[in-house]
Amino acid sequence: MNGGDEVAEAPASPPQPLEWKFSQVFGERTAGEEVQEVDIISAIEFDRSGDHLATGDRGGRVVLFERTDTKDHGGSRRDLERMGYPISRHPEFRYKTEFQSHEPEFDYLKSLEIEEKINKIRWCQTANGALFLLSTNDKTIKYWKVQEKKVKKISEMNVDPSKAVGNGGVASSSNSSIGKQYLANGGDKSHNLPSNDLSISPGGFPSLRLPVVTSNETSLMARCRRVYAHAHDYHINSISNNSDGETFISADDLRINLWNLEISNQSFNIVDVKPANMEDLTEVITSAEFHPSHCNMLAYSSSKGSIRLIDMRQSALCDSHAKLFEEPEAPGSRSFFTEIIASISDIKFARDGRHILSRDYMTLKLWDINMDSGPVATFQVHEYLRPKLCDLYENDSIFDKFECCSSGDGLRVATGSYSNLFRVFGCAPGSTEASTLEASKNPMRRQVQTPSRPSRSLSSITRVVRRGAEGPGVDANGSSFDFTTKLLHLAWHPTENSIACAAANSLYMYYAVSSKIEDAIMSKLCWVEVIRKCDCSSSTAKRKGFSVFATRFKDHQVSFTDTKCHLPIPYNLGARMISLCQEYLPFVLLCK
């Protein structure tokens, strides 16, 4: 606004599609190796900072991984970049520790065996260098503290042979010193003292000292702080931390309970959908999640495909919802499988708190909490399976519960499928990005691009449906699909384009870079000189890690020295090239 004249900004173009690359794998299987049931991963979760990753398995174990590319120097990624430390282009993790979270139990009153399988893991706020997290199986939630403890060891005993002899005396060997008494002045008596001679010189024994205890080594210890039990009659399907840092919710098929982290023997029932007569039961709760910033709001999904947003300020028992999100059923589309595939298996709030991501059996949907008429975008995950619903029902695969996740910037969403595939969709206005990747060391099986569509805002009333170019009977790569290998669990790094996903007992990690950056760097139109150490004060200079940059392009024909390198980059990109290449370049100077 200037002098009453309003200048409309041009709509931002959608972000470029990402090129996903393999980063790491933990627990990789060898060819023909049989996977043990207890080793199959059942939960994945990044902490709020993205520096730690936790996985749970069907054997009741929780395994923690820590980030290593920033740990050596300490501090945040942005601080390290400012100080000039080389920063890796993607997060790298290493094994940190593991502990047994749950054991198999037996409910004698109901004659029910309770599995040790970890259903969900949620990170809590850290304090004093310790990590805190919640883990749950079907019935019991546990609050864990993981902290480094110093291991105390006795490093020096009370007799020091090197100081046993003084005043120029010669120390005897260990054999000859047996039975020898040392005097206060450092001399010694060669003869043996009588056993009843307890006389001690006034000066004492200079070689007699107290043992010295040191604690140079540290060991990670996991301790269960609290156990939240006996509050659910049905299997727990969700736990979620509140933004207040003090409370969390746990949800089963019919109830949602509110807990205080410090109180394990009491919880408050805030949602109860159990009817007076169980024959009148028409839907169950499938997932529940707290709002990321409003501590009074939470959302839960149902087996009928609806999402309810509730406000805990309205009443103690939230029987009524503040908003209901559901998509009207298309006329004539109802079949035997309609209700089964409409059941929502997972919901996630976007980081901005305005959008909710939901996953049912066939689709991934994005909802705007300010618009309850329907989803703003629908992504077809594996439409090629629709003719196979009968087979999926026969082998119970139709009841598989796939999770979903969204990127920290809210521009992309991801979910899993069969044949160890997962899909990544762009949800920015005008984006047609739709990638199909395989949980293996070669993830890019094929890029599935959707047809171009008019640019639409997420808040637009008109909804967007994205379909991948898939044919019946085959997966997105044209290969026959495998119902036995399914990718149910995955998580997106909170601040970077990095995804962790579970394929049976293996944890795969991937990172992404913009394909436009790669194209710009490898074009041969002009030279750019990259200098590590200089007094350049140009506003276009961008501080980055030279060594990482050199490593990335070591396989290409690029000349390097200790302080600089030459790269072919299009000169006509000008200042825009700087922003495209800022992930790689320490100092960028354009040279004609």
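Structure values in brief
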quantity: Positions within segment 422-438 being within 19 Å of the chain's Cα centre (by Cα) and farther than 12 Å from VAL381 by Cβ, in sequence order; calculated: LEU437, GLU438
quantity: Candidates SER303, SER264 - the one that is within 22 Å of LYS401 (Cβ to Cβ) and open to solvent by less than 60 Å² (accessible area, probe 1.4 Å); calculated: SER303
quantity: Residue check for ASN277: of a type in the set (S, T, N, Q), surrounded by fewer than 11 Cβ atoms within 10 Å (Cβ to Cβ) and either over 20 Å from ALA127 (Cβ atoms) or at pLDDT 65 or above (or both); calculated: yes
quantity: Test: residue in segment 395-414 that is among the basic types (Lys, Arg), over 21 Å from SER287 (Cβ atoms) and surrounded by 16 or more Cβ atoms within 10 Å (Cβ to Cβ); calculated: no
quantity: Scan of segment 28-52 for residues that are at pLDDT below 90 and open to solvent by less than 60 Å² (accessible area, probe 1.4 Å), ordered by number; calculated: VAL35
quantity: Filter result for the condition that a residue is open to solvent by less than 20 Å² (accessible area, probe 1.4 Å), over 21 Å from GLN24 (Cα atoms), touching a Pro at 6+ places or on another chain (Cβ under 7 Å) and at pLDDT below 95, over ALA434, ALA428; calculated: ALA428
quantity: Strands (runs of 3 or more DSSP E) within segment 87-150 that include 2 or more residues over 28 Å from SER243 (Cβ atoms); calculated: 93-100, 105-107, 112-114
quantity: Residue, surrounded by the fewest Cβ atoms within 10 Å (Cβ to Cβ), within segment 87-123, restricted to residues that are in contact (Cβ under 8 Å) with a residue 12 or more places away in the chain and among the small types (Gly, Ala, Ser); calculated: SER88
quantity: In segment 250-294, the residues that are hydroxyl-bearing (Ser, Thr, Tyr), in contact (Cβ under 8 Å) with a residue 40 or more places away in the chain and farther than 30 Å from GLY408 by Cβ; calculated: SER264
quantity: Unmet criterion (only one of (1) surrounded by fewer than 20 Cβ atoms within 10 Å (Cβ to Cβ); (2) farther than 17 Å from THR436 by Cα; (3) of a type outside the set (Ser, Thr, Tyr)) for LEU392; calculated: (1)
quantity: Residue in segment 226-234 that is under 19 Å from MET297 (Cα atoms), open to solvent by less than 40 Å² (accessible area, probe 1.4 Å), assigned to a loop (DSSP other than H, G, I, E, B) and not acidic (Asp, Glu) present; calculated: no
quantity: Residue in segment 264-280 that is closer than 25 Å to ASP47 by Cα and under 23 Å from the mean Cα position of the chain (by Cα) present; calculated: no
quantity: Test: residue in segment 284-295 that is in a loop (DSSP other than H, G, I, E, B), of a type in the set (Ser, Thr, Tyr) and within 20 Å of PRO375 (Cα to Cα); calculated: no
quantity: Within segment 306-351, considering residues that are of a type in the set (Lys, Arg) and under 21 Å from VAL376 (Cβ atoms), the one most open to solvent (accessible area, probe 1.4 Å); calculated: ARG351
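Condition check ((1) at pLDDT below 95; (2) among the aromatic types (Phe, Trp, Tyr); (3) out of contact with any strand residue (DSSP E or B) (no Cβ under 8 Å at 6 or more places or on another chain); (4) outside any helix (DSSP H, G or I)) across all residues:
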site	(1), (2), (3), (4)
GLU327	yes, no, no, yes
PRO331	yes, no, yes, yes
ARG334	yes, no, yes, yes
ILE347	no, no, no, yes
ASP352	yes, no, yes, yes
ILE356	no, no, no, yes
LEU364	no, no, no, yes
ASP391	yes, no, yes, no
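The values are calculated or read from the model by the stated rules, or taken from the named source; none is laboratory data. Just so it is clear, the structure is predicted and the values come from calculations on it, not from any experiment. All Cβ positions, glycine included, derive from the backbone under ideal geometry; neighbour counts span all protein chains shown. Just so you know, the surface numbers come from the protein's heavy atoms only, side chains and all, with ligands and any DNA or RNA stripped out. Shrake-Rupley method; radii C 1.70, N 1.55, O 1.52, S 1.80 Å.
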